[in-house]
1. For the range 7-49, what % of the accessible area comes from carbon and sulfur atoms, probe 1.4 Å?
2. Just reorder ARG31, ARG16 by solvent-accessible area, largest first, 1.4 Å probe, all chains present.
3. Would you be so kind as to identify which of LEU17, PHE33, GLN44 lies farthest towards the positive end of the dipole of the range 7-49, taking Lys and Arg as +1 and Asp and Glu as -1 on Cβ and the Cα centre as origin?
4. Once phi is turned into ³J(HN,Hα) by the Karplus curve 6.51 cos²θ - 1.76 cosθ + 1.60 with θ = phi - 60°, what whole-Hz value does each residue of the range 40-47 show in order, with x for glycine and proline?
5. Measure off 7 Å from each Cα along the Cα-to-Cβ vector at ARG45 and CYS68, then give the distance between these two points in nanometres to one decimal.
6. How far, in nm, would the chain grow between ALA7 and TRP79 when pulled straight, counting 0.36 nm per residue and subtracting the alpha carbon separation?
7. Suppose every K and R has +1 on its Cβ and every D and E has -1 on its Cβ; what is the size of the dipole of the range 7-49 about the Cα centre, in Debye to the nearest 20?
8. With θ taken as phi - 60° and the coefficients 6.51, -1.76 and 1.60, list the Karplus ³J(HN,Hα) couplings across the range 18-32 in order, rounded to whole Hz; mark glycine and proline as x.
Amino acid sequence: LEGKGSAYTFMNAIYRLTDDTGRIALQDRVREFRRTYRQWGSLQRNKASGRYGSSSQVLPLVVECPACPHPGKNLSENW
């Protein structure tokens, strides 16, 4: 995200840093990179919304305030 480039541009830069001569046949890893990028984005969105984990198991990251009134816990029913 800091380079403001596409996945293709980033992977070509990695290929050039790995072997600038072009003699070694490198495997195409764009598909894996894009999948990792999508997973990272999903985790960042969940983190920003106060959740984490997979979509099937979403757990809150916040802790309930013990000083705040919670009906049935620290607030009487006839209040």
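1. In the range 7-49, the share of accessible area belonging to carbon and sulfur is 54 percent.
2. Correct descending sequence by accessible area is ARG31, ARG16.
3. The residue sitting farthest along the positive end of the dipole is GLN44.
4. Per-residue couplings from phi come out as 4, x, 5, 5, 5, 5, 5, 5 Hz.
5. 2.6 nm
6. Length difference between fully extended and current span is 20.1 nm.
7. Dipole of the range 7-49, to the nearest 20 debye: 300 debye.
8. Per residue, the Karplus-derived 3J(HN,Hα) values read 6, 8, 6, 7, x, 7, 8, 7, 9, 6, 6, 10, 5, 4, 5 Hz.
The values are calculated or read from the model by the stated rules, or taken from the named source; none is laboratory data. Fair warning: this is a prediction, and the values are worked out from it, not measured in the lab. No Cβ is skipped: glycine too gets one built from the backbone with ideal geometry, and neighbour counts run over all protein chains shown. Accessible surface is based on the protein model in full, side chains and every heavy atom, while ligands, DNA and RNA are left aside. Shrake-Rupley method; radii C 1.70, N 1.55, O 1.52, S 1.80 Å.
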